[in-house]
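Everything below concerns the one structure shown next.
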Amino acid sequence: MTKSESKPNIILINCDDLGYGDLGCYGSNLNNTPYIDGMAEEGLLFTDFYMASAVCSPSRGAMLTGCYPPRIGFGDFTEKKTGVLFPGDNEGLNSDEITIAKQLKKAGYKTKIVGKWHCGDQPEFLPLNHGFDEYFGLPYSNDMGLQRDSDFGVPLPLIKDNRIILQQPDQIGLTQRYAEESLEFIRSNADKNFFLYLAHMYVHVPLFVPRHFLEKSRNGGYGGAVECIDWVSGIILNELKTLGIDEKTLVIFTSDNGSRARDEGGSNLPLKGTKGSLWDGGIRVPCIMRWPGVIPKGVKSSELVTSMDLFPTFSALSGVDIPDDRIIDGKDITDILKSPESQKSPHSYFAYYHRNDLEAVRNSRWKLHLYRDSVNVQELYDLENDMGETKNLYKDYPGIVKELENAAEIFRQELGDEATGTIGKNIRPCGRVDSAKTLTTYDPDHPYMVAMYDLADSKILLG
């Protein structure tokens with residue numbers, strides 16, 4: 001290894017509901033993203049990067065553990081069948097699971113998460129129990145707190161490490177606070193190896209956007225939120241250069257699933273579908289990786305890669321062995337990072353799970369849809385030439401259909417499939433506690449910061 005390659009610092013920036021078509025480098029003509037576009041010019045842009053789920057909790061749990069959601073009990077949540085975790089749920093990420101943060105701590109890294117966790121809000125499930133030294137952020141989605149004109153939810157808890165430091169924080173300024181926490185962590189650990197997981201609040205609705213980003217936006221509140229994300233990316237990259245650790249740091253930018261795309265300004269184009277669906281627009285997301293001196297500049301890769309690959313890749317880069325007491329679904333893609341124009345995907349197939357239903361499977365070129373909303377379908381798409389999934393070729397390629405059906409059966413036997421009544425052979429339970437309660441409770445006489453709802457006019461609030 002060269003000096004720049006030895007145990008890199010790692011910064012993982014994960015947005016919330018940012019779509020495939022929301023960045024300039026992915027084709028957006030609406031949102032201004034010069035810093036992120038610059039990352040693509042200085043690094044590697046993936047065209048076929050997949051999260052393991054089209055919704056929040058299972059997507060994040062899978063990325064952190066390198067495992068498909070059903071593997072870790074995150075396909076669905078059995079108590080309420082909600083698909084994602086809610087405040088006060090008694091389920092979360094099992095303490096026996098090994099996360100990216102736990103892996104990197106074995107290599108001596110300092111670890112911090114800033115932003116959204118969404119892998120369980122009970123004390124047993126929070127980040128400091130999963131390998132993170134520090135935490136600052138919200139334990140779940142920003143819409144799971146009190147809403148204007150609604151009785152839904154409890155006050156949002158802003159958490160520092162294991163303490164609630166504020167109830168119902170002003171979301172207009174929260175992303176700036178995330179930026180400050182991130183910069184302070186980077187500065188404090190510039191002479192060490194560190195892992196920073198920055199999990200943005202944006203662009204999940206409701207959107208509270210600082211006025212100066214809103215005024216510059218050509219795409220309303222949504223565009224303002226995207227530009228705020230871009231600004232944070234820019235100041236982080238600038239800080240790495242200022243500290244002289246730019247060439248020692250791998251930065252990844254991605255999103256937890258596709259955009260809602262509900263006339264709010266978001267886009268998954270040219271893909272079909274939205275967040276929550278297993279058309280590719282729900283699960284294929286932007287991903288850019290930048291590591292000066294190691295990753296070539298301005299390169300695109302159309303290889304099939306997934307968020308689950310981060311676990312084994314970070315492990316390899318930090319010199320930590322993959323656990324041998326469990327199955328990890330992700331693959332080490334270090335070779336693709338270093339030689340993206342010549343290296344091929346380590347994945348033969350990728351499974352699309354909706355909760356615990358196997359709905360589709362793809363190989364390097366073809367995608368076979370099996371079920372949609374528990375109804376059998378027969379659809380085959382050539383993603384290489386039809387990434388929008390517009391032309392069904394099921395009857396034209398019976399050999400490809402058979403190949404993908406065989407691959408699907410292997411996934412069923414391994415991970416299960418409720419749609420066909422198959423129980424997986426190698427799945428692990430999610431974490432559970434006997435009793436659970438919300439971290440906050442609504443008190444009409446408490447001075448929560450409800451003033452932010454009065455200050456946020458319709459130009460700032462979306463959702």
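Structure summary
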quantity: Flag if Leu370 is without any contact (Cβ under 8 Å) to a residue 60 or more places away in the chain, over 25 Å from Asp96 (Cα atoms) and not in a loop (DSSP other than H, G, I, E, B); calculated: yes
quantity: Subset of segment 373-404 [of a type in the set (Gly, Ala, Ser) and outside any helix (DSSP H, G or I)]; calculated: Ser374, Gly388
quantity: Segments classed as strands (runs of 3 or more DSSP E), wholly inside segment 228-316, with at least 2 members that are within 21 Å of Ala101 (Cβ to Cβ) and at pLDDT 95 or above; calculated: 249-255, 287-290
quantity: Hey, Phe194 aromatic (Phe, Trp, Tyr) and either over 20 Å from Tyr35 (Cα atoms) or outside the structural domain of Pro139 (by TED's automatic domain parsing) (or both) or not; calculated: yes
quantity: Residues of segment 301-330 satisfying the condition of being of a type in the set (D, E, K, R) and under 18 Å from Thr47 (Cβ atoms); calculated: Glu303, Asp309
quantity: Candidates Lys80, Lys102, Lys112 - the one that is more than 17 Å from Cys56 (Cβ to Cβ), surrounded by fewer than 23 Cβ atoms within 10 Å (Cβ to Cβ) and among the charged types (D, E, K, R); calculated: Lys102
quantity: Top-ranked residue of segment 383-425 - restricted to ones that are among the charged types (D, E, K, R) and touching a strand residue (DSSP E or B) at 6+ places or on another chain (Cβ under 6 Å), ranked as nearest to Leu269 (Cα to Cα); calculated: Glu389
quantity: Single unsatisfied condition, Gly120 versus (1) in a loop (DSSP other than H, G, I, E, B); (2) on the phi < 0 side of the Ramachandran plot; (3) not hydroxyl-bearing (Ser, Thr, Tyr); calculated: (2)
quantity: Near pairs, Cβ below 9 angstrom, 6+ apart or cross-chain, from segment 121-146 (assigned by TED's automatic domain parsing to the domain that holds Asn193 and of a type in the set (Ser, Thr, Tyr)) to any residue that is part of a helix (DSSP H, G or I) and crowded, with 22+ Cβ neighbours inside 10 Å; calculated: Tyr135/Pro127; Tyr140/Cys56; Tyr140/Ser57; Ser141/Cys56
quantity: When residues of segment 1-50 are limited to those that are over 16 Å from Gly224 (Cβ atoms) and β-branched (Val, Ile, Thr), the one surrounded by the fewest Cβ atoms within 10 Å (Cβ to Cβ); calculated: Thr2
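The values are calculated or read from the model by the stated rules, or taken from the named source; none is laboratory data. None of these values were measured; they are calculated from a predicted model. Using ideal geometry, Cβ is built from the backbone for each residue, glycine included, and neighbour counts are taken over all protein chains shown.
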